[in-house]
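Worksheet: the structure to be examined is printed underneath.
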Amino acid sequence: MMAAFPHAMPVEGLLGGLLIGISAAIMLLGNGRIAGVSGLGARALGIADAGAPRAMAAAFIIGLPLGAALAALLLGGVMTRYPAAMWQVVVGGVVVGYGTRLGSGCTSGHGVCGMARLSPRSIAATLIFMGSGIATVALMRAGGLL
Amino acid sequence: MAALVAGAIFGAGLALSGMADPQRVRAFLDIFGAWDPTLAFVMGGALVPMALAWTVQRRLARPVFADGFALPATRGIDAPLVVGAMLFGIGWGLSGLCPGPAIAGLALAPAQAGIAVVAMIAGMALHRLTRR
């Protein structure tokens, strides 16, 4: 399968995606909240004044590495290839932090929750961040930064 | 408690789907290079249960564990949304990281993910300090 894309993981991607969607469904139907990681993270740290109760936000955020650790244990390891140039992680991280607050969400809140709700704001945000992400990586490729 | 379980399922999903791997995420955005479509499968897989959840939500008076739904109003598309999403995409492409995988990565590659998370917190704090 996917002979044209030798590195693609369609099955793991779909299964992992299902887990992410189930998690977001639990947050919505259980807690009445959007499973937006940037918003919950900011709330857990007190950077956002409004939003989910802080204990709930913190519980979700703490769950993320716990679940990842459990998956790594069951799968016998998970690949994490960070950019060799750590300045890309530092600068990219700061811009991601600023942008997700200004734009009220990231891949989870807009890309999964809002898109599934057919929210025009989230659909617009997702198209924009995918577009600027593709443009950024294209520039990096042209500039030899990949 | 439900939030902790939901967070753990989310983190497991990120790890299983390869989204905890910044190079794989960046390869999805690299349409002029060695394009890796995995992220599209992740999004597709996540949208199905979430779309079902929204149809159930419309029929529920209140959530199972809370007194009411607290959901963002579907306001119009404004400048902060557009500029914020554009900036987020730039940082996402530069690093291969968005907030979920960075935080989940604390259990997988603590040193590198730690730097990413601190950088994201700094960006969020910068937004708070400058936008009020």
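Summary of computed values
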item: Calculated [θ] (222 nm, deg cm²/dmol) that DSSP helices of n ≥ 4 give over chain A, each run adding -39,500 (n - 2.57); result: -20000 deg cm²/dmol
item: Rounded, prolate or oblate (a/c below 1.5 giving rounded, otherwise prolate when a/b exceeds b/c) for region A:10-142 by Cα gyration tensor; result: rounded
item: Residues listed by number, region A:89-122, amide nitrogen under 19 Å from residue B:73 label point at 7 Å toward C-beta; result: A:102-105, A:114, A:118-122
item: Most to least accessible of A:98, A:82 (protein chains only, probe 1.4 Å); result: A:98, A:82
item: Accessible surface, 1.4 Å probe, highest first, among residues A:86, B:19; result: A:86, B:19
item: Karplus (6.51, -1.76, 1.60) ³J(HN,Hα), θ = phi - 60°, over region A:41-51, in Hz, Gly and Pro reported as x; result: x, 4, 5, 4, 8, x, 7, 9, 7, 10, x
item: Extension gain from residue B:1 to residue B:60, taking 0.36 nm per residue of separation minus the Cα-Cα distance; result: 19.2 nm
item: Estimated Rh, chain B: Kirkwood, alpha-carbon pairs, angstrom; result: 17.2 Å
item: Loop-located chymotrypsin sites (Phe, Trp or Tyr not before Pro) in region B:1-51 whose Cβ has at most 11 other Cβ within 10 Å (DSSP); result: B:32
item: Environment charge at residue A:120 (Cβ cut-off 15 Å; Lys +1, Arg +1, Asp -1, Glu -1); result: +2
item: P(r), alpha carbons of the protein assembly as shown - 10 Å bins starting at zero, rounded %; result: 8, 33, 40, 17, 2, 0
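The values are calculated or read from the model by the stated rules, or taken from the named source; none is laboratory data. For clarity, every value in this text was computed on a predicted model and none was experimentally measured. As a convention, Cβ positions derive from the backbone with ideal geometry for all residues, glycine included, and neighbour counts pool all protein chains shown. Side chains are part of the model used for accessible areas, which takes the heavy atoms of the whole protein and leaves out ligands, DNA and RNA. Shrake-Rupley method; radii C 1.70, N 1.55, O 1.52, S 1.80 Å.
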